[in-house]
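The values are calculated or read from the model by the stated rules, or taken from the named source; none is laboratory data. Please read all numbers here as calculations on a predicted model, not as lab measurements. Cβ atoms come from the backbone with ideal geometry, glycine included; neighbour counts cover every protein chain shown. Areas reflect the complete protein model, heavy atoms only, side chains present, ligands, DNA and RNA absent. Shrake-Rupley method; radii C 1.70, N 1.55, O 1.52, S 1.80 Å.
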Amino acid sequence: MKFPYIKAAGLAVLLTLSACDDDFLEQYDPNAVSTAQYFKTEGDVLMAVNGVYQSLRSSNTIGEGSYLFTDERSDDAGRNDNQSNAGEPFQFNDFSLLPSNTYLKNHWVAMYGAISRCNTVLTNMEQVTFSNEATKAQYQAEVKFVRALLYFHLVRKWGDIPLVTRQLRTSDEVAANTFREKQEVVYGQIVADLKEVVASPLPDRQTGAGTGRVSKTAANALLGQVYLTMATTIDPASRSSNLQEAKAYLTAAYGMRPFGQLKELPYADVFDVAKEANNPEIIFQIVNRQGDVNYSSSIAATFQAKGETINSLKPGTGVGGRASLDLVKEYEEGDPRKEFSVKFAEDPAVKDWFITKFRDTSPAAGTNGYGGNDWVLMRFADVILMLAEVHMHLGEEAKAIEYLDMVRERAKMPTYAEAQKDPAYSSKFPTLKLAILHERRVELAFERHRWYDLLRFFSTDELVSFFHAKNQADYGTAQLANFSRKDRYFPIPFDEHKLNPEKMYQNDGY
Amino acid sequence: MRGTYNGYASLQILPDLFFKTNLGLQTYNEKYEFYNPTSLSSGANPPGSPQALAAARATAQTIAQEDQLAEFTLNYNRDFARHNLNVLGGYSAQKTYSDLISVSARGFQNDRIPEITGKGAEASDFFMNSGTGKSTHTLLSYFGRAAYRFDDKYFLTATFRADGSSRFGPLNRWGYFPSVSAGWTISNEPFYQSTFGTNSSAKLRASWGLSGNNNIGNYSHEQVMASPGGVAFGSNTIATAIWSEGIKDQNLGWESTSQYNIGLDLGLFNNRLQVISNFYISRSYDLLFNQPISAVSGVSSMLTNLPDSKVENKGFDIQVDGSIVSTKDFTFSMGGNISVNRNKVLDMGGASTIFSRGAERSYLTHVTQEGYPIGMFYGFKVKGMVRESDLEKIAIDNANFDEATQSFPEGYVLQGPPRSMASSNPLKPGDLYFEDVNGDGVVNDEDKRVIGSPHPKFTYGLSVRMSYKNFDLNSAFNGVYGNQVLDGQDYYIFNMEGSGNQYAEVANRYQSEAQPGDGTIYRAARGGTQSNSTRLSTFYLQDGSFFRWTNLQIGYTLPKGIDYLGISNLRIYANIDNVLTLSDYKGYNPEVDYNNGSNLTPGVDYGKYPLVRAFSLGARVTF
């Protein structure tokens, strides 16, 4: 084809193009907004705040599927299967964790990915004008709470960790922030953030459409837990002042409860899909939508063992969510929480205990197992037992027992004084401290508290003897003997350590 | 569907000066449809089961691509006496646009409507697939070339181009790429002809040039917000949630390669033997790669240029073609080539070693570090196999091992094989054990090393052509020597688990002290081999060398002069592709690439689809 007029047209194009070289080369993704240009209105900020909540749903952060990094690390759960996925998940409960473990790396990356979302929102919302300053303060409080929560998980698992509190835009900024900060400093940041949340205009409690968002009750409870952890794991010099702070914030959280006595609230209701949304006991939860392929909970179906129907209409195919015999034996005679939490699967391919605490057998969840179970991150029984713990540490035994009995009474168990008369109980839990730890274990089983409880109740050496004293047969295939001082912390992921071996130093023993 | 539209015009401004315009447009449209029926079983679940219904899916996808090019050149060409000068200057603008729409539907209850319209009623039964969207990239170039020739003996060419690509950040969009080359046809010199006569030719070539690489995705310099997701609040309300994607490098720019080339072309015996040889050395700078960065950035890697980095390639290619016999009835010619390339990372610009995951199970498989070629295999080196006689020594070692510090006491001399942190079960006879590189008695991540190379020592090819009267025969061969392949399939078909069919070699595994096998293949077990044996080690590397007879064709051409039905020429032939492969490789095909050409993770196999052996018969008819 040859067009005579092309010549003239060509010259015209030539001139036009040379006039706008730079425009011609400026190409921006038509299907995405640049991060630098995104934050304009209040609505934009709200959606980004929602993005922060969204990050919590992942099984690589602290969502319902994140049991590998906590419960499977403890004596409550853990798999016998040392083959699947190259045996990498097995390394967690076998205490043979290698720094190059890819699950560990994914957890690390997802946690910092979520923190980076928080920092991006906090940095960029500064330039947005809000019609009401209180709205802005609320959004800031929500995000700071989530950031503090994530750092609290990280600092307990790894010790000293990189601490970033603003958006990083260039690789130089990233490199400058790639170093492990002392855990005291990390705790300092967590406390500072949570104090702001406690003083923010957030409501005391989130109900109705707000369910799933952060409240002041949650902030007080978390801050109390942070102080309690600081008092028992770092900085012995400030132990008593930290305990006082813990008591103050936990008491404040307890004071915001929308009920009178815990015993008014049936234990099973906390996990009842139909009653979860407005359950007065729940302080903070990740909301799931029943029957929805994307936003439902899969935990009931995932944990169901082969041949069982108690959790879900979706047939189980394997061992499900394995509960350790060590935990099963921990329950006192006649504790209804045992029946509720675990069951023995008789299928010849299983013949083991599995987790039944999370159930949704409704037709709406169906055979695909799209359950409506909300993932409960914080609830009042936890706060009450932490209050017992604080008072116990402060030497206020009577007060501690009073709180402990609230939980026991609700579970229809005899009071602590009563139980102590039973030699089976008093020989197993000879001190109030061990009784509280026991109560936390059975009350909060599989709610991802156990590993952190052990870290808080025991020093590293005590922890080693605690694990070595356990009966191997009650634990499973994984070797208790592998537990050593190194297991107090996770290793820094291999390539993250290699990026800067000096500033990203490895934890001891790895 | 493809369309190509071209228009050009040229204008003679002066007798030797031309202006030329070339406008081009290429379009490409594709429609893709896919249906996964309910009558297909889903895993262990039978056809028609709720799981099979849930897995049924229809996808519809359209792709539209458009490539626009405008090129304007001025060309000056002049002969004077024995000189020739050709100068060209130009400008081009190119815009490539693509638009992908991909949607899927599920919720199928039966297979009566195998289209996206047969979807279920739920809103979530219809959704957009990732990748949907528009994308544009542009390239602007200014270029010039001056070529000078004297007496058909001396050649000199210099070029320069400036390219601007929209794929790079605003600060480093433009790259400048000069080159010079010179040639000398020695055989046209009087002294050559007086010494060697005129029945041979020789030409010497030398060049240097800089070239650029912008072969990356679009918009890689701009940090953007991800497509919105959702989060549930209250009861059953899904709120829109948005977050930022990974950090991007605003300074992203061209990767460039500087290459020196020297070549000698020879034609001997009246050009019946031709030799083309090339020696080169090239260095690449500012390599484009996904740099591992700390997770504090929110992601674990970022596409960037590795500053001050240098990667060297040097080597040579020699091609020899000979017409050995050439008579009226019989001709026989052969050709062969050999290529040798050596790659080495000279400088990483201060960046740390890059570890890459190139396998299915997200193991670290490759390492790129200074002093080594790019993308070397990385892992443990198998030192031997545990035997019953070792157990006593292992027990002594275990007694001396300090669990608390996970180490042996200072000065302790190891009795048995090194203690492996990779082994979560106690070593048993028949397990592999690894080399303890740093000699601390403990094998852990610190003892991983380069364990093999995916790069061949050399590659070669061979061709044969012969004819006798009306018969002809053509054949071609090629081969690769000296590389290794990481055979990921071994995790399925060489795992001694009995979970699937196994290589025949498993017969040589360790079975007992009485039947220790060949000493390299570990014991069979299920539920007990989570140990050294399944870690990435030299056990999984194989020699990837091969020699392949790629093609054989035999033909017969009907004698001329038989004029039948107006046929002027008829050739019938039989052809075999992929005749034979000689290789020690256990998988299907040693030419592997699980990672589709990724620089940092070459040479991994996960059962690449085997090459077909094709037999064909054909006829070529000319009327």
Notebook entry, point to check: Only one residue in B:236, B:199 is in contact (Cβ under 8 Å) with a residue 12 or more places away in the chain and among the polar types (S, T, N, Q), so which one is that?
Noted result: B:199
Check: Which condition number in (1) open to solvent by 30 Å² or more (accessible area, probe 1.4 Å); (2) over 24 Å from residue B:569 (Cβ atoms); (3) over 23 Å from the mean Cα position of the chain (by Cα) is the one that residue B:447 fails?
Finding: (1)
Next item on the list: Among the candidates A:506, A:472, single out the residue that is without any contact (Cβ under 8 Å) to a residue 40 or more places away in the chain and surrounded by fewer than 21 Cβ atoms within 10 Å (Cβ to Cβ).
Entry: A:472
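Look through B:62, B:73 and report the one residue that is open to solvent by less than 70 Å² (accessible area, probe 1.4 Å), of a type in the set (Ser, Thr, Tyr) and under 30 Å from residue B:15 (Cβ atoms).
That would be B:73, the only listed residue that is open to solvent by less than 70 Å² (accessible area, probe 1.4 Å), of a type in the set (Ser, Thr, Tyr) and under 30 Å from residue B:15 (Cβ atoms).
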Check: Does residue B:349 meet the test of being on the phi > 0 side of the Ramachandran plot and at pLDDT below 85?
Finding: yes
Notebook entry, point to check: Can you name the number of the only condition in (1) in contact with a Phe, Trp or Tyr (Cβ under 8 Å, 6 or more places away or on another chain); (2) touching a residue at least 60 places away in the same chain (Cβ under 8 Å) that residue A:308 fails?
Noted result: (2)
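State yes or no: is residue B:93 open to solvent by less than 40 Å² (accessible area, probe 1.4 Å) and within 10 Å of chain A (Cβ to nearest Cβ)?
Taking the combined requirement at face value, the residue satisfies it.
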Next item on the list: Go through (1) modelled with pLDDT of 95 or more; (2) more than 19 Å from residue A:49 (Cβ to Cβ); (3) in contact with a strand residue (DSSP E or B) (Cβ under 9 Å, 6 or more places away or on another chain) and name the single condition residue A:185 misses.
Entry: (3)
Next item on the list: Within the stretch A:201-223, track down each residue that is more than 12 Å from residue A:282 (Cα to Cα), more than 19 Å from the chain's Cα centre (by Cα) and open to solvent by 10 Å² or more (accessible area, probe 1.4 Å).
Entry: A:201, A:203, A:204, A:208, A:209, A:210
Item checked: Pairs where the first residue, in the stretch A:375-401, is free of Cβ contacts under 8 Å to residues at least 24 places away in the same chain and the second is crowded, with 20+ Cβ neighbours inside 10 Å, C-beta under 6 Å, 6+ apart -> A:399/A:391
Margin query: So for the stretch A:34-45 (the condition being modelled with pLDDT under 95, open to solvent by 40 Å² or more (accessible area, probe 1.4 Å), facing another protein chain (nearest Cβ under 10 Å) and not in a helix (DSSP H, G or I)), does at least one residue qualify?
Written below: no
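Results for (1) more than 18 Å from residue B:601 (Cα to Cα); (2) surrounded by 17 or more Cβ atoms within 10 Å (Cβ to Cβ), shown as yes or no for each residue.
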| position | (1), (2) |
| --- | --- |
| B:326 | yes, no |
| B:364 | no, yes |
| B:368 | no, yes |
| B:378 | no, yes |
| B:381 | yes, yes |
| B:385 | yes, yes |
| B:408 | yes, yes |
Item checked: strands (runs of 3 or more DSSP E) contained entirely in the stretch B:537-614, each with at least 3 residues that are open to solvent by less than 50 Å² (accessible area, probe 1.4 Å) and within 16 Å of residue B:477 (Cβ to Cβ) -> B:546-557, B:569-583
Margin query: Is it the case, given these coordinates, that residue A:320 is touching a helix residue (DSSP H, G or I) at 6+ places or on another chain (Cβ under 6 Å) and either within 14 Å of chain B (Cβ to nearest Cβ) or not β-branched (Val, Ile, Thr) (or both)?
Written below: yes
Item checked: Checklist (1) surrounded by fewer than 21 Cβ atoms within 10 Å (Cβ to Cβ); (2) farther than 24 Å from residue A:55 by Cβ applied to residue A:311, failing item -> (1)
Note to self: Let me confirm something: among B:170, B:178, which residue is touching a strand residue (DSSP E or B) at 6+ places or on another chain (Cβ under 7 Å), open to solvent by 30 Å² or more (accessible area, probe 1.4 Å) and not aromatic (Phe, Trp, Tyr)?
What the structure shows: B:178
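Any chance the stretch A:403-416 includes a residue that's open to solvent by 50 Å² or more (accessible area, probe 1.4 Å), assigned to a helix (DSSP H, G or I) and out of contact with any Lys or Arg (no Cβ under 6 Å at 6 or more places or on another chain)?
No, the conditions are met nowhere in the stretch A:403-416.
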Next item on the list: Scan the stretch A:284-294 residue by residue and report those that are under 9 Å from residue B:236 (Cβ atoms) and at the interface with chain B (Cβ under 7 Å from one of its Cβ atoms).
Entry: A:287, A:289, A:292
Check: Just a yes or no: is a residue in the stretch A:357-377 open to solvent by 60 Å² or more (accessible area, probe 1.4 Å), of a type in the set (Lys, Arg) and either modelled with pLDDT under 95 or outside any loop (DSSP other than H, G, I, E, B) (or both)?
Finding: no
Check: Among the numbered criteria (1) over 20 Å from residue A:228 (Cβ atoms); (2) open to solvent by 30 Å² or more (accessible area, probe 1.4 Å), which single criterion is violated by residue A:162?
Finding: (2)
Next item on the list: Having 2 or more residues that are at pLDDT 90 or above and within 14 Å of another protein chain (Cβ to nearest Cβ) is the bar; report the strands (runs of 3 or more DSSP E) wholly within the stretch B:213-321 that clear it.
Entry: B:229-233, B:237-241
Next item on the list: Quick one: in the stretch A:138-173, of everything that is assigned to a helix (DSSP H, G or I) and basic (Lys, Arg), which residue is nearest to residue B:305 (Cα to Cα)?
Entry: A:147
Item checked: Failed condition for residue B:111, given (1) in contact with a Pro (Cβ under 6 Å, 6 or more places away or on another chain); (2) without any contact (Cβ under 8 Å) to a residue 12 or more places away in the chain -> (2)
Notebook entry, point to check: residue B:427 passes all but one of (1) within 14 Å of chain A (Cβ to nearest Cβ); (2) more than 27 Å from residue B:353 (Cα to Cα); (3) open to solvent by 50 Å² or more (accessible area, probe 1.4 Å); which number fails?
Noted result: (3)
Next item on the list: Quick one: in the stretch B:96-125, of everything that is assigned to a helix (DSSP H, G or I) and open to solvent by 60 Å² or more (accessible area, probe 1.4 Å), which residue is nearest to the other protein chains (Cβ to nearest Cβ)?
Entry: B:123
Next item on the list: Select, from A:135, A:129, A:123, the only residue that is open to solvent by 10 Å² or more (accessible area, probe 1.4 Å), among the β-branched types (Val, Ile, Thr) and part of a loop (DSSP other than H, G, I, E, B).
Entry: A:129
Margin query: For the list (1) under 22 Å from residue A:506 (Cβ atoms); (2) open to solvent by less than 10 Å² (accessible area, probe 1.4 Å); (3) facing chain B (nearest Cβ under 7 Å), I need the number of the one condition that residue A:99 fails.
Written below: (2)
Item checked: Hits in the stretch A:202-237 - residues which are among the hydroxyl-bearing types (Ser, Thr, Tyr) and without any contact (Cβ under 8 Å) to a residue 60 or more places away in the chain -> A:227
